[in-house]
Number of protein chains: 4
Amino acid sequence: MRCFASDNYSGVHPEIMEAIVRANHEHAPSYGNDEITKRVIGLFKDLFGEPCEVFFVYNGTGANTLGLSAITRSFNSVLCSEWAHIHVDESTAPELFTGCKLISVPSVHGKILPEAVREKIHRIGDPHHPQAKVISISQLTEYGTVYTPDEVKALSALAKEHGLWLHMDGARISNAAASLNVSFRTFTRDAGVDVLSFGGTKNGMMFGEAVLIFNPELARYFHFIRKQGMQLHSKMRFISAQFEALLSKDLWKRNAIHANNMAQKLAAGLQQFPGVKITQPVDGNGVFAVLPQHVIQPLQQEVFFYVWNEKLNEVRMMCSFDTTEEDINRLLQKLQSLLNA
Amino acid sequence: MRCFASDNYSGVHPEIMEAIVRANHEHAPSYGNDEITKRVIGLFKDLFGEPCEVFFVYNGTGANTLGLSAITRSFNSVLCSEWAHIHVDESTAPELFTGCKLISVPSVHGKILPEAVREKIHRIGDPHHPQAKVISISQLTEYGTVYTPDEVKALSALAKEHGLWLHMDGARISNAAASLNVSFRTFTRDAGVDVLSFGGTKNGMMFGEAVLIFNPELARYFHFIRKQGMQLHSKMRFISAQFEALLSKDLWKRNAIHANNMAQKLAAGLQQFPGVKITQPVDGNGVFAVLPQHVIQPLQQEVFFYVWNEKLNEVRMMCSFDTTEEDINRLLQKLQSLLNA
Amino acid sequence: MRCFASDNYSGVHPEIMEAIVRANHEHAPSYGNDEITKRVIGLFKDLFGEPCEVFFVYNGTGANTLGLSAITRSFNSVLCSEWAHIHVDESTAPELFTGCKLISVPSVHGKILPEAVREKIHRIGDPHHPQAKVISISQLTEYGTVYTPDEVKALSALAKEHGLWLHMDGARISNAAASLNVSFRTFTRDAGVDVLSFGGTKNGMMFGEAVLIFNPELARYFHFIRKQGMQLHSKMRFISAQFEALLSKDLWKRNAIHANNMAQKLAAGLQQFPGVKITQPVDGNGVFAVLPQHVIQPLQQEVFFYVWNEKLNEVRMMCSFDTTEEDINRLLQKLQSLLNA
Amino acid sequence: MRCFASDNYSGVHPEIMEAIVRANHEHAPSYGNDEITKRVIGLFKDLFGEPCEVFFVYNGTGANTLGLSAITRSFNSVLCSEWAHIHVDESTAPELFTGCKLISVPSVHGKILPEAVREKIHRIGDPHHPQAKVISISQLTEYGTVYTPDEVKALSALAKEHGLWLHMDGARISNAAASLNVSFRTFTRDAGVDVLSFGGTKNGMMFGEAVLIFNPELARYFHFIRKQGMQLHSKMRFISAQFEALLSKDLWKRNAIHANNMAQKLAAGLQQFPGVKITQPVDGNGVFAVLPQHVIQPLQQEVFFYVWNEKLNEVRMMCSFDTTEEDINRLLQKLQSLLNA
């Protein structure tokens, strides 16, 4: 099976699998007290600068929800895009676990802009109204677009102006860094991000994400929050070994560049067809396009992908570290034959 | 490093690691819609009988907390041993996620008895008091003892008498089955268990536990609860492949028998020493013993294990699938030399 | 002090105060087991028909939040107007207590229409997305408008079509009934409402609201939910006595008609002025109007009221059972003098 | 109806009722912005010293639960008597609203002692275990006994030693002050209490309790917590007026002394009878006694009271501000006739 459904349909990158196998040696202290975990935390600190507290969790929903829990009280609200993963794709995990309200902000190509966010920061001090405390953005966005460092800084400035924290859901942070061609820290800590979900699974890992907290005060209780949030892995070395492989020899970058390049090729191929319209900037590894309605189902049967917006016949095609040119060609050829039919 | 600290200090059993590597092939639908997951759910149904709803989650805290969430409302209480993992080792995950109160019942060697549980089922119908709704037991218990099928049935009868559910934390269920030398279902569904956490990690898996629900009505919303509980893995095939290996060729049993046998040997060795007292029946893979205080620290430095009860100088030594006779001999020899010194 | 700030700036209607004083006699069983409570529950059943379960709580936030708790699981969502009190004026009580997400639906004069609601009922069965389970409407709406029985029925039909419940926040239900000039049940149970918050405080009571549940199955656990929700009053007779007064001799209606009439007069007076624009239909006891910006503050100093929408210079003026024509005249005269100045 | 069931079977003290009627005058700002509320907060500050933040809520469960919420995070635990109202009589409100675990400490006559509490302060820093953060005591205890200032100080010293807060459930604080014959502050703020639930309802009020926080940092978010906790009353003046009456002319003390005296008389009368045993020190307004089993039901039918411990035939008889000597005589006479029969 080969498809463009999601970057989590891919398996595990061979270098990461090797690292897992290598880590499977004798006994090791559990819950993160092993040597590999210590080393990898060091790698993260090298990449992001200090202070930087690093916590591994199981998945993106866990990383986001617990990260938000660390910086909110239950009477707060979190401002995010109407399309944010935390808002529409994580059940009510954020609400149940934090008690907070998520307030959606209209977005442009999945990105929220300071003016639109500012509209939602109101009634501060009024106990009747949820108190805005966090701006949360996704990098890449759910529409595959990337915030520039300046765009992040503008949101961070707004956050600071009002005493809010800036949270970043970096499920596809590597694709963003590759797209921007800057270091991770340029558009995270240096741009004012306070808490970051650093994604692993969508870039070739088997399981595991990291929560990075750049303000030690905010990290103070996170080891309690993680355990309470059911996200503390016992055999931690097997998450850490994956991150070690991902961060070593720029694997994160090689994977991300490849996936992004594949998306460019796919988009280039798609937009040759009349009746196909690329709807969002292809900044990373996702392509959003409107297809003629009648070709969608038969094309899905050949190479699966998801319809994103049924009303618009807009589809989403995700590339990953293991997407091949053959995958793309197969899709484009099938599309051509369907359009010609 | 070799030690008796916990069965989660062990790594991954080679057959399970092979299964993981084998599963790493091409794309697969995420979130459990892959072929391996379907197959493994079938294996569980073969073992436990139908109806049986099977859900994979990340860890034991998740399995227990979400399992309890499925069978409670927030005004309920859960009756469990004073030593229950859900009560003293899972932070306040159960309270936060379910809203329920956990009420501790005095136990004998970690096991709760119907008479003691019955004492706590009171004020039913009184809105001022938490309403007892679940009896939760651990199999093996936290003291390494095993409930016989009849003991489970007696608790189940009590539960049914009062309209309660019976939950089993089976983090070490394989060790229990090996100890009892009966099928899983004999002391679970056939003995009246409604919801079961089936442990994988402590018996040679890398990550992953299963929640088994024998009453379809109780399982009705569990796929929502799992996602909301941040326990739905995207690349599910890598949990499922592990369970497939564990349940195939009786690997679960071979691992458990080995660990249990090692515990027997360890206990036999320990009780030769004057001044060492085995404090709990060695039903499974754990040995609890009182050691002379002055030997504890130096012995830990040689072969690590945890002190369970500081006041009593009671220690816990856990064996696992990869514990060797050399490990045991090394510990016993060091102990001898310390006692002789 | 006399003002149009809110119907909760008023005190207690004399007939209600008399009932309170009268109830203050000897001892009475607490928590609702007294005679007055039993009588008043009968009055509610007379008004609304049976089956009808009646529970008294302290305030509107409690009534709404607990009512929603009775008909949801934590992975659900509640669809309501973008202006709904539960959405913007009750902190995050609904989120914290129920775990649910509140999803805002665009409204027209505060009313949500079936087409707009239908847009939000999607991804049912998808565990990643909050599962819509309740449509919640306010009667009167936060814009002072009233849903006709047919409008309620249309929403109820939509709810039933999708297996959702219909909840009504009736903080100003008496004003709605007076405005529609129909019985309570016409636009509640007979129109398909499942759970109703019946408001007392804003119509002349000192404290106390009622939650009415028309489906006994949904009411099954409400006495537990109320206690857990910190909304069970011990000296219950003092809430019940108020409701008895309110429901006797049509006091609810006299109060509501008076307040509604005062709003009509106020609106009539306001719209005489050029530069003043009534912005919402005056169905009940609230008047929304755009005023010239420069008059707002000085007018507030004379007779206080709240600015509703700062950008639009839209103000809200609420009338209550004790609003007088002199109050209105004083406001209008002051406004005239400010406009002339 | 006259009885000894609970101090909340009583009605409202006439001076308090007068204050309510007097407060019912014209309009007043809602939610605590009225003049009466400001005055009464001043009275509390006079009594307790500054800094002292004062918040009115509806009931004891609300006061306790929200007070605990202000001083905990969801991974904390609260140490309290096995008989604490928060533990056995407030449903799971504390668990649901705070996420914390309540850990019961064995008590002597309802009082917990530092040695017993200290046993439960363990595994601090271990993320697997609920982190003790609060010691909560009831004054009077649920067994009608009173903590001396020195006993409170000893618990406070223990709390400070371990970085815990000291919370006091003062549902019957006036009875305690009357019993000790010292000022409120002697055994609260001056003895190291951080957060206090100051009870009104059980001492002659209709509804309303106060949360007093002596550390402004802990009070910082309480106005948000109160609203979110559904405990913010709109027509606040009607709570405040009651407290004004209660705190004026020592009404709190007159009521409490009377109730305490009645309990003394009742106990004196009871212990004349052979076969009746007073089981707890009668420090305040409650009497606990073992009665011969056969007299309990018929005695309850004459003058109702609750059986506290069915196994022991221990009953609880509560006196209140309006208990009369006739009430006591009637009970004693009936008891005599039953014993003679």
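The values are calculated or read from the model by the stated rules, or taken from the named source; none is laboratory data. Bear in mind that the values here come from a model prediction, so they are computed numbers and not experimental data. Cβ atoms come from the backbone with ideal geometry, glycine included; neighbour counts cover every protein chain shown. To get the accessible areas, we keep the full protein, side chains included, count just its heavy atoms, and leave off ligands, DNA and RNA. Shrake-Rupley method; radii C 1.70, N 1.55, O 1.52, S 1.80 Å.
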Q.
Just the number please: accessible area per residue for the protein assembly as shown, 1.4 Å probe, all protein chains included, in Å².
A. 33 Å²
**Q.** Overall Cα dimensions of region B:251-340 - principal axes, largest extent first, Å
**A.** 40, 24, 21
**Q.** Accessible surface ranking that places the most exposed of B:VAL78, C:VAL21 first, with a 1.4 angstrom probe
**A.** C:VAL21, B:VAL78
Q: Please provide three numbers in whole Å: the alpha-carbon extents of the protein assembly as shown along the principal axes, with the largest listed first.
A: 87, 82, 53
Q) What does the charge count near C:ARG330 come to, summing +1 for each Lys or Arg and -1 for each Asp or Glu among other residues with Cβ under 12 Å from its Cβ? A) -2
Q | Fluctuation leader among A:GLU302, A:GLU151, A:GLU119 - chain A, Gaussian network, Cα springs under 10 angstrom | A | A:GLU119
Q. If you draw the axis that swings chain B onto chain A, which residue of B has its Cβ closest to it, and how far is that in whole Å?
A. B:TYR58, 2
Q. Cβ under 10 Å from C:CYS319's Cβ, C:CYS319 left aside: what net charge do those residues give with Lys, Arg +1 and Asp, Glu -1?
A. -2
Q: Take the alpha-carbon centre of region C:296-341, take the same for region D:89-168, and report the distance between them in whole Å.
A: 53 Å
(Q) List the residues, sorted by chain then number, that are 5 or more residues from A:LYS235 or on another chain and whose placed amide H is less than 5 Å from its amide H. (A) A:TYR31
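Have a look at the DSSP beta bridges in region D:99-247 and tell me what percent are antiparallel, nearest 5. Provide the component values of the computation, followed by the final result.
Working: 5 of 14 bridges.
Restricted to region D:99-247, the bridges split so that about 35 percent are antiparallel.
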Q: Quote the accessible area belonging to D:VAL282 in square angstrom, nearest 10, computed with a 1.4 Å probe and with ligands, DNA and RNA left uncounted.
A: 20 Å²
Q. If you place +1 on the Cβ of every Lys and Arg, -1 on the Cβ of every Asp and Glu, and leave all else neutral, what size is the dipole of region C:31-142 about its Cα centre, to the nearest 20 Debye?
A. 300 debye
Q: Any chance you could look up the accessible area of C:TRP308 with a 1.4 Å probe, heavy atoms only, rounded to 10 Å²?
A: 70 Å²
Q) Near D:SER138, within a Cβ-to-Cβ distance under 11 Å, what is the net charge of the other residues, with Lys and Arg +1 and Asp and Glu -1? A) -1
Q: Return, ordered by residue number, the residues of region B:135-153 whose backbone nitrogen is under 16 Å from a label point located 7 Å along Cα→Cβ of B:GLU115.
A: B:151
Q. Between A:GLY49 and the same site in the other copies, what are the distances in nm, shortest first, taking label points 7 Å from Cα along the C-beta direction?
A. 4.8, 6.4, 6.9
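In debye, nearest 20: dipole of region C:251-340 around its Cα centre with unit charges on the Cβ of K, R (+) and D, E (-)? List each step's numbers first, then the result.
Numbers: 8 positive and 8 negative charges, 28 e Å.
Around 140 debye, computed over region C:251-340.
Do the sum for chain D: with -39,500 (n - 2.57) for every DSSP H run of n ≥ 4, divided by all residues, what is the mean residue ellipticity at 222 nm, to the nearest 500 deg cm²/dmol?
Values: 14 runs with 141 residues, N = 341.
My calculation for chain D gives -12000 deg cm²/dmol from helical runs alone.
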**Q.** Förster radius 41 Å - calculated FRET efficiency between D:GLN264 and C:LYS45, Cβ distance, rounded to 0.05
**A.** 0.35
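Of all DSSP beta bridges located in the protein assembly as shown, what percent are antiparallel, nearest 5? Can you show the working numbers first?
Working: 81 of 161 bridges.
Here the antiparallel bridges make up roughly 50 percent for the protein assembly as shown.
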Q: Towards the positive end of the charge dipole of chain B, with charges on Cβ (+1 Lys, Arg; -1 Asp, Glu), say which of B:LEU299, B:GLY229, B:MET205 has the farthest Cα.
A: B:GLY229
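What area, in nm² and to one decimal, does the C-alpha convex hull of chain C cast on average over all directions? Each step should come with its number before you reach the end.
Numbers: hull surface 68.5 nm².
For the Cα atoms of chain C, the hull's average projected area reads 17.1 nm².
Could you give the size of the charge dipole of chain B about its Cα centre, using +1 on the Cβ of each K and R and -1 on the Cβ of each D and E, expressed in debye and rounded to the nearest 20? Before the final figure, lay out the partial values.
Working: 32 positive and 35 negative charges, 47 e Å.
Once rounded to the nearest 20, the dipole reads 220 debye.
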Q) With all protein chains present and a 1.4 Å probe, how do B:ASP150, C:ASP126, C:ASP250 order by accessible area, largest first? A) B:ASP150, C:ASP250, C:ASP126
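What is the average number of partner chain Cβ atoms found within 10 Å of a Cβ in A:24-33? Intermediate values should be presented prior to the final figure.
Details: counts 9, 2, 7, 16, 7, 7, 7, 4, 1, 1.
So the per-residue partner count for this stretch is 6.
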(Q) Counting only protein heavy atoms and a 1.4 Å probe, tell me what percentage of the protein assembly as shown's accessible area is made up of carbon and sulfur. (A) 50 percent
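If one computes P(r) from the Cα atoms of region D:74-134, what percent of pairs lie at distances over 15 Å?
Values: 893 of 1830 pairs.
Beyond 15 Å sits 49 percent of the P(r) for region D:74-134.
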Q: Let me know the mean shielding of B:206-213 by other chains, meaning the per-residue number of their Cβ atoms within 10 Å of its Cβ.
A: 3
Q. Looking only at A:LEU47, A:LEU68, A:LEU251, which one moves most when chain A is put into a Gaussian network model with springs between Cα atoms under 10 Å?
A. A:LEU47
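In peptide D:123-133, how many Cβ atoms from other protein chains are near each Cβ within 10 Å, on average? Show your work: numbers first, answer last.
Numbers: counts 2, 0, 2, 5, 12, 13, 8, 11, 5, 0, 0.
Mean partner shielding for this stretch: 5.
What order do A:LYS38, C:LYS334, D:LYS249 take when sorted by accessible area (1.4 Å probe), most exposed first?
On the way: A:LYS38 115, C:LYS334 60, D:LYS249 165 Å².
Output order, biggest surface exposure first: D:LYS249, A:LYS38, C:LYS334.
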(Q) Testing the spin-label approximation: label points 7 Å from Cα along Cα→Cβ at C:ASN329 and A:ASN329. State their distance in nm. (A) 9.1 nm
Q: Calculate the length of the line joining the C-alpha centroid of region D:1-76 to that of region B:260-288, in whole Å.
A: 60 Å
Q. Over the C-alpha atoms of region A:78-214, what are the Rg and the largest Cα-to-Cα span, Dmax, in Å?
A. 14.3, 45
